[in-house]
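> Got a structure for you, written out below as structure tokens; questions coming shortly.
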Amino acid sequence: MSPRIVPARTDAVRRRATPLTITVDGVPVPGADGQTVAGVLLAGGRLSWRSGPSGAPRGVFCGIGVCFDCLVTVNGERDVRACRRRACDGDVVTTQSREPGEER
Amino acid sequence: MTRNTDARARHTGGRPRHVVVVGAGPAGLAAAAAALRAGARVTLLDASDRPGGQYHRMLPAAYEAEDNGRLHHGWDDFERLRTHVQSHPRAEWWPDSAVWALERPDDTTSAPHVHVLRGPADGTERYRSVLTPDALVLATGAHDRVLPFPGWQLPGVFTAGAAQALAKGERVVVGDEVVVAGSGPFLLPVAASLLEAGSDVLEVLEANPASTVLRGWSRRPWELAAQSGKAAELAEYTGLLARHRVPYRLGRAVIEARGDGRVEEVVTARLTADWTPVPGTERTVPVDALCVTHGFSPQLELPVAAGCALSEGFVQVDDAQRTTAPGVYAAGEITGIAGAPAARAEGLLAGWTAAGGDPSDRTVRDVVRRRDRGRAFAARLAAAHPIGTGWPGWLRPDTLICRCEETDYRTLRAAAEDPATGAPRAVKLGTRAGLGPCQARMCGPAVADLCARRAPDSAPAHDGLAPDRSVPERAVPGLASASHHRRPVAQPIRLGELAASPGRPPEEEGEHTDER
């Protein structure tokens, strides 16, 4: 099984879910307004979207902007922490990985 | 507290003192409220778009949740406090604000200048602002400290804080068959959040044995009674675990995560009191997620940038929450891990003093008492949930220590034991451990600990990798050294943003009570 989002209609916090759609490497992924990019990806069943220097997959680790394992490119901006950035309808997200020899 | 006329008289040139508070968690929010009460003008800023910090992490405004409070403790008090601060005419709330540098002015008695980037996280369109406050309160909090273990880099392995942030912050649950492991009372609320969201928590593992935990908690019981709020909260979690029949096992840890491209199973083992895994006690548990934490690391880059002295890995403060840096005050987890009630008391005192209030004023006497009880609680926590010195026993030569640079234990150990490269700085440059994007925030304490154990004068252990028991091991304090906190740029800033001149866009002028 994978991560998932508590469905709004059964959520005890009684909340609204305003749908939005982002694309991830060209594929539309649905989410809800207010979610982070990482939250949209996780809730969509995707556990990893970046790889370490060896090519091994990485996903969300710290979830609060400290570990930098969840970096993505959003609307052409590289190195955005997916766990910190709220998703906006129509965001174009592309996955990214460290380039060989890249310092940061 | 009542308004203190002495404090109000201390306003600079008849104008209210300007207090900048960094971090809007329990400590920062309390600091803002106390500074307002003492008559100051306050700018409260946070990297998030809503106040609350990690403890009271709010659901996004767009969720329009009717009952956000059911996910929290002390929610009504928090709501009252944040509403008071956010609507106060002398307060400005700056959401989405990352402090990327503190600049110490030439005149050495003034508070540092605060360089802020405002806008969506890591965006290119953020704008720079510079604040020049009369006093600065740092309340930047802490993040999970996770010791390395084989497979900890696999997707599906989360810090306990990540699981909590996703569940409380946007209702995403990390998995359905989850093990929560590590050390400390934080394991309990994380397990509770997962249960609330419908996950199956298979077991909660506290690495310390019952003897250590009980000795720490039962020492000086009157201190615990004084923290009754926290004790009741913890009792509620253990009750929830019992109702869901979730085993809480002491003296056991996850020593490995395994899987093909993601975590599929974890290996747990019994530990001795010093956290050395006991051979033959291993069990394999199928999971779809693992949540792990071994304690907390304070976020020290801003205190270090401000020139604050550290003591045993935390910001050193006096009885009035003053740091050693002029005009800089500190509150909350950066002065010691003690939980939200203690953070609030420290924040109240820090904000009051920063605004020019007299810390010996009788109106803050109760706050001082609560702060002192909070500090006693912190000492108790540290005693009940120490990190054992035997944890490297679960490392293997190919275990990653630095996640960013994928520096493994073999490489690090070899560099640390080589007399030519063994100094921590040389180890860092030679192995790249700690030089990746996270800038040692994740691996720094572990690298410092492992390097401190090097024993070049003694014969290597049988495999050349296990910790050498022939020399006395240094105890592991909260953090081994401050060196890995020195980051001239505290938060990532893009070159374009650096080149742009600071200022505020016109539409932001006069903004006081942005509700976002």
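> With in the same structural domain as B:VAL114 (by TED's automatic domain parsing), within 23 Å of the chain's Cα centre (by Cα) and open to solvent by 30 Å² or more (accessible area, probe 1.4 Å) as the only criterion, which of B:LEU310, B:LEU302 stands out?
Going through B:LEU310, B:LEU302 in turn, the sole match is B:LEU310.
> Right, another one. For the list (1) of a type outside the set (Phe, Trp, Tyr); (2) open to solvent by 10 Å² or more (accessible area, probe 1.4 Å); (3) not in a strand (DSSP E or B), I need the number of the one condition that B:GLN86 fails.
(2)
The rows are residues; the columns are (1) among the small types (Gly, Ala, Ser); (2) over 12 Å from the mean Cα position of the chain (by Cα).
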site	(1), (2)
A:THR21	no, yes
A:GLY26	yes, yes
A:LEU41	no, no
A:ARG46	no, no
A:SER51	yes, yes
A:PRO57	no, yes
A:THR73	no, no
A:ARG84	no, no
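> Sticking with this one: Please verify whether segment B:173-182 includes one or more residues that are at pLDDT below 95 and open to solvent by less than 10 Å² (accessible area, probe 1.4 Å).
Taking every residue of segment B:173-182 in turn, none turns out to be at pLDDT below 95 and open to solvent by less than 10 Å² (accessible area, probe 1.4 Å).
> So, of the residues in segment A:68-92 that are part of a strand (DSSP E or B) and of a type in the set (A, V, I, L, M), which turns out to be surrounded by the fewest Cβ atoms within 10 Å (Cβ to Cβ)? Write out each step before concluding.
Here is the first cut: in segment A:68-92, the ones part of a strand (DSSP E or B) are A:71-74, A:77-81, A:86, A:92.
From what is left, the residues that are of a type in the set (A, V, I, L, M) are A:71-72, A:74, A:80, A:92.
Details: A:LEU71: 22, A:VAL72: 24, A:VAL74: 25, A:VAL80: 24, A:VAL92: 13.
Only one residue fits best here, namely A:VAL92.
> Looking at segment B:256-287, which of the residues that are part of a strand (DSSP E or B) and open to solvent by less than 20 Å² (accessible area, probe 1.4 Å) is nearest to B:GLU177 (Cα to Cα)?
B:VAL266
> Now, a different point. Looking for whichever is in contact with a helix residue (DSSP H, G or I) (Cβ under 7 Å, 6 or more places away or on another chain) and polar (S, T, N, Q) here; the options are B:GLN86, B:GLN54. Which one fits?
The match here is B:GLN54.
> Name the strands (runs of 3 or more DSSP E) wholly inside segment A:8-64 in which the number of residues that are at the interface with another protein chain (Cβ under 7 Å from one of its Cβ atoms), buried (at least 20 other Cβ atoms within 10 Å of the Cβ) and free of Cβ contacts under 8 Å to residues at least 12 places away in the same chain is 2 or more.
none
> Output the qualifying pairs, or none if there are none: Cβ atoms under 8 angstrom, residues six or more apart or on different chains, first residue in segment B:393-421 and away from chain A (no Cβ under 13 Å) and closer than 11 Å to B:THR431 by Cβ, second residue part of a loop (DSSP other than H, G, I, E, B) and open to solvent by 50 Å² or more (accessible area, probe 1.4 Å).
Taking only residues 6 or more apart or on different chains, the pairs are B:TYR409/B:ARG396; B:TYR409/B:ASP398; B:ARG410/B:ASP398; B:ARG413/B:ARG454; B:ALA416/B:ARG454; B:ASP418/B:PRO456.
> Moving to a separate point now. Check B:LEU117 against each of (1) under 23 Å from the mean Cα position of the chain (by Cα); (2) part of a loop (DSSP other than H, G, I, E, B) and name the one condition it does not meet.
(2)
> Could you check how many residues of segment B:36-85 are under 24 Å from the mean Cα position of the chain (by Cα) and not basic (Lys, Arg)? Give the derivation first.
Pass one, segment B:36-85, residues under 24 Å from the mean Cα position of the chain (by Cα): B:42-60, B:68-79, B:81-82, B:85.
Okay, now just the ones that are also not basic (Lys, Arg), so B:42-49, B:51-56, B:58-60, B:68-69, B:71-79, B:81, B:85.
Final tally of qualifying residues: 30.
> Given the criterion on the phi < 0 side of the Ramachandran plot, open to solvent by 10 Å² or more (accessible area, probe 1.4 Å), assigned by TED's automatic domain parsing to the domain that holds B:GLU256 and not in a loop (DSSP other than H, G, I, E, B), identify the matching residue among B:VAL190, B:VAL213, B:VAL204.
After applying the criteria, what remains is B:VAL213.
> Give the residues of segment B:362-386 that are in a loop (DSSP other than H, G, I, E, B) and open to solvent by less than 30 Å² (accessible area, probe 1.4 Å), sorted by residue number.
Of everything in segment B:362-386, just one residue is in a loop (DSSP other than H, G, I, E, B) and open to solvent by less than 30 Å² (accessible area, probe 1.4 Å), namely B:HIS385.
> Of everything in segment A:75-89, what is more than 8 Å from chain B (Cβ to nearest Cβ) and under 25 Å from B:LYS168 (Cα atoms)? Give them in sequence order. Reasoning before the result, please.
Here is the first cut: in segment A:75-89, the residues more than 8 Å from chain B (Cβ to nearest Cβ) are A:75-76, A:78, A:82, A:87-89.
Matches in segment A:75-89: A:ALA82, A:ALA87, A:CYS88, A:ASP89.
The values are calculated or read from the model by the stated rules, or taken from the named source; none is laboratory data. Everything numeric here is computed off the predicted structure, so don't read it as measured data. Here Cβ is always computed from backbone atoms with ideal geometry, including for glycine, and neighbour counts include all displayed protein chains. The protein model used for the area step is the full one, side chains on, heavy atoms only, and it has no ligands, DNA or RNA in it. Shrake-Rupley method; radii C 1.70, N 1.55, O 1.52, S 1.80 Å.
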